[in-house]
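Derivation of every value follows stated rules applied to the coordinates shown; laboratory data play no part. Fair warning: this is a prediction, and the values are worked out from it, not measured in the lab. Glycine also receives a Cβ, built like all others from the backbone with ideal geometry; neighbour counts cover every protein chain displayed.
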């Protein structure tokens, strides 16, 4: 709630993934306009063997796993090369964890499954850190972090990694504005439904009174910040109340609330940034059109 009282107002994206939100995001991933999922999946299908060959681990930890459909390529490669492994997905969505558990048990019974419900910090605390581990963060989810969240996340991740650990990061690359804006504002309205559903979730959690009938979705690419910005715009002035916290604010007509961002990256620059956190670049995998990248790192041995 605190961020809604800021100026400008914004939300933390974790609130997007209630049961309906998780289903809507799965639909987004199947849209023809949303190239990210299928492009990343194609890279993983082709390059998972190379990733696992360069990352000799016993445990694969996925941050924000969802249904883990793309991750199955890595798990299969792990079984082919090492014959066994532990898969520990971390997610705030119980539905996503159940889906990944069922898929692993059905398709890869040789894998031990250890699902962890909660945020990244909570999940990592529950992992056996004596095992060499590959941390993975796919879907360009890192693009949902603002600058301070980015620093906080990588400080936490690097601090959690040991000398035998590796990190695989999926990132969407900077490209034409038209392609980016189409990917986040599909004509079917699935992305709009996903973004606006967050307010129904907040109503349930905080007994607030957001009215879905008095808001609309708006998105745009901001070239200065190299990010797609997704907003809810009030179509009428309304008072939003939070009785649990004895707080309220006036959401004015045409005022925007920033619900989510999706930053885009230049891979070599990002690799250099992550060196500052003690992550040493090992490999860079991309698709033929260079739309999306998978970056493999290991924990630097340097202090």
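Using Cβ counts within 10 Å as a stand-in for footprinting exposure, how do 148, 93 rank, fewest first?
148, 93
For a quick check: sort 225, 10 by the number of other beta carbons within 10 angstrom, fewest at the front.
The order, fewest Cβ neighbours first, is 225, 10.
Residue 50 versus residue 258, label points 7 Å from Cα toward the beta carbon: distance in nm?
3.5
Specify which labelled value, from [x] 68, 43, 40; [y] 59, 40, 39; [z] 52, 41, 36, agrees with Cα extents along the principal axes in Å derived from the coordinates of the model shown.
Label [y] holds the value from this structure.
Checking the a/c ratio against 1.5 first, then a/b against b/c, what shape does the Cα gyration tensor give for region 248-303?
Since a/c reaches 1.5 but b/c is at least a/b, the shape of region 248-303 is classed as oblate.
Which angle between 0 and 90 degrees, to the nearest 10, do you get for helix 72-82 versus the longest principal axis of the chain when only C-alpha atoms count?
20
From the square roots a ≥ b ≥ c of the eigenvalues of the alpha-carbon gyration tensor of region 137-253, which class results: rounded (a/c under 1.5), prolate (a/b over b/c), or oblate?
oblate
Quick one: grab the alpha carbon gyration tensor of region 163-214, order the square roots of its eigenvalues as a ≥ b ≥ c, and give me rounded if a/c is under 1.5, else prolate or oblate depending on whether a/b is larger than b/c.
It is oblate, given that a/c is not under 1.5 and a/b is not larger than b/c.
So for region 101-225, averaging the separation of alpha carbon pairs under 8 Å that are six or more residues apart and normalising by length, what relative contact order in percent results?
Result for region 101-225 is 20 percent.
With a cut-off of 8 Å between alpha carbons and a minimum separation of six or more residues, what is the relative contact order of the chain in percent?
21
Go ahead and estimate [θ] at 222 nm for the chain from helices alone: -39,500 (n - 2.57) per DSSP H run with n ≥ 4, summed, over the residue count, rounded to 500.
About -11000 deg cm²/dmol.
Working from Cα positions, state the angle (0 to 90°, nearest 10) between the long axis of helix 19-29 and the longest principal axis of the chain.
70
Modelling each spin label as a point 7 Å along the Cα-to-Cβ direction, I'd like the residue 148/residue 241 distance in nm, to one decimal.
3.1
Among 155, 293, which comes first, then next, by fewest other beta-carbon atoms within 10 Å?
155, 293
Under a plain spin-label model, where a point goes 7 Å from the Cα along Cα-to-Cβ, how far apart in nm are residue 250 and residue 178?
For the pair residue 250/residue 178, the computed spacing is 4.3 nm.
Quick one: angle between helix 35-54 and the longest Cα principal axis of the chain, in degrees between 0 and 90, rounded to 10, please.
So the helix axis and the longest Cα principal axis differ by about 30 degrees.
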